[in-house]
1. Considering the chain, what Rg and Dmax in Å follow from its alpha-carbon atoms?
2. Taking θ = phi - 60°, what integer Hz values does the Karplus form 6.51 cos²θ - 1.76 cosθ + 1.60 yield along the stretch 99-115, in sequence order, with x for Gly and Pro?
3. So which trypsin sites (Lys or Arg not before Pro) in the stretch 200-286 end up in coil per DSSP with only 12 or fewer other C-beta atoms within 10 Å?
4. Once all Cα-Cα distances of the stretch 247-329 are split into 5 Å bins that start at 0, what whole-number percent is in each one?
5. Which ³J(HN,Hα) values, rounded to whole Hz and listed in residue order, are derived for the stretch 387-396 from phi using the Karplus coefficients 6.51, -1.76 and 1.60 in 6.51 cos²θ - 1.76 cosθ + 1.60 with θ = phi - 60°, glycine and proline given as x?
6. Considering the dipole of the chain built from charges on the beta carbon (Lys and Arg +1, Asp and Glu -1) around the Cα centre, which of Leu7, Met234, Gly344 is farthest to its positive end?
7. Would you mind telling me the share, in percent, of accessible area of the stretch 221-308 contributed by carbon and sulfur at probe 1.4 angstrom?
8. Less than 15 Å Cβ to Cβ from Asn192, Lys/Arg counted +1 and Asp/Glu -1: what total charge do the surrounding residues give?
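The values are calculated or read from the model by the stated rules, or taken from the named source; none is laboratory data. From a predicted model like this one, the values you see are computed outputs, not experimental measurements. As a convention, Cβ positions derive from the backbone with ideal geometry for all residues, glycine included, and neighbour counts pool all protein chains shown. Remember, those area values only see protein heavy atoms, side chains included, never the ligands or the DNA or RNA. Shrake-Rupley method; radii C 1.70, N 1.55, O 1.52, S 1.80 Å.
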Amino acid sequence: DNAVMLLDAAKGLEPQTRKLFEVTRLRMLPLFTFVNKMDRPALSPYEIMDQIEQEFGLETHPITWPIGDGERFKGVVDRLTNTVHLYERAEKRGAKATVVQVPLESTDKLIELIDDQELSDKLFEDIELLEEMMQPLDIERVLAGDQSPLFFGSAMTNFGVQLFLDKFLGMGTMPVGRTAVLSKTPKKKEENVVGPEFEEFSGFIFKTQANLDPKHRDRLAYVRIVSGVYEKGMKVSHSRSKGGKKYALAQAQALFGSDRKSVEVAYPGDVIGINNPGNFAIGDTLFTGNTKISYPGIPSFSPEKFAYIRNPNPSTYKSFQKGMDQLLQEGAVQSLRQRNDDGGGPLILAAVGQLQFEVVQARLENEYGVESSLEPMGYDIARWADGGWEAVDKADKDGKLFGIMIVQDRWKRPVLLFRNEWKAASVQQEEPDLKLAAWSAPPDNED
């Protein structure tokens, strides 16, 4: 429904941020920006705003504005209410900061509390400059993804976070409907928008995770409710199950960080965690009623890191396979295989960043007790060939794919691995029938 772009105040835009921005653009989501770690030395807020506008073509509108940074970080100004939120560092690292609120017009009191003449002078200059140079906040443009409300703070000291969350709740879009395929019979299908007011319950699974509690080997599926009402113990149908099989949702949980609590009732827009019997996967739809509902699958985006993963200890083969199957189901990384490999050949992991590989290896060792080795591959870009295998074979026969690795994704669709962006662009220009794409939606759900 909405997206939050979290930036490091010292680093600004990072490669992962750029990749995730492509997702928000594709989905046309309202984007809110929170600049974190202001309690450390940081770029100027003007530099961060310029980065966002120049690289993303996205206009920002500061809702809060920082007073200093690093050791001199004093707080933020809420420009909507003209209130200055000053904070005192807690003695214990990670503890919540003490906050004092002062009206912006109380100049003398602010100067006294800030206790830094340079920062006080800059504060009043910045506020005046922002009023003159910034376009007004336009909620319609925010919801259309053309303007991003901008906030500053420090999550470690828990300063500015609650202020952001309160504004986010007031400014973000309400739960919206989603396009789905409705099937009253296998032959009678139609595409329509299912809105929150639709009476029957429906929701889609966007994440799965195992071993949240390692002692119990539990598995959860996270469901975003689109329509109707979840009630404890209700029975639902599953978009990929045959023969009208029903699943009882005996228990649901609301999760926030490491905190969990049981949920008796949940509504459109809510996210709940349900026990996953092993049948639920990312992109699946759960629903009630006689009309089958299938929401579109969640797309995969172009990875930039590739490596073979191997099990160096044959005696742990089964545990290794179980762990990899589970992590791939969760979407921890993407998997690729060489063409026509049905599972006997080497498994290729594909990720946006190196950290994903490290997480996979750590979880294999900690949760499944197996070691693994990675062999990096010399490729930097993946492109799906939407033109299909016939177009790939033609380009290969014509000698256009020299130095390019041809692999298949989990649905056996062709993927080309390139060493650089220039080569990918060159092949796309010379072989338009390949229809190279930087992302790929999963195939339609089939019974």
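1. For the chain, the Cα radius of gyration and maximum Cα-Cα distance read 25.1, 78 Å.
2. Going residue by residue, I get 10, 10, 9, 9, x, 4, 6, 7, 4, 4, 5, 5, 4, 5, 6, 5, 6 Hz, with x marking Gly and Pro.
3. Lys215, Arg217, Lys242, Lys245
4. Percent of pairs per bin, in order: 3, 9, 14, 17, 18, 14, 12, 9, 4, 1, 0.
5. x, x, 5, 4, 5, 5, 4, 5, 5, 5
6. Gly344
7. 49
8. 0
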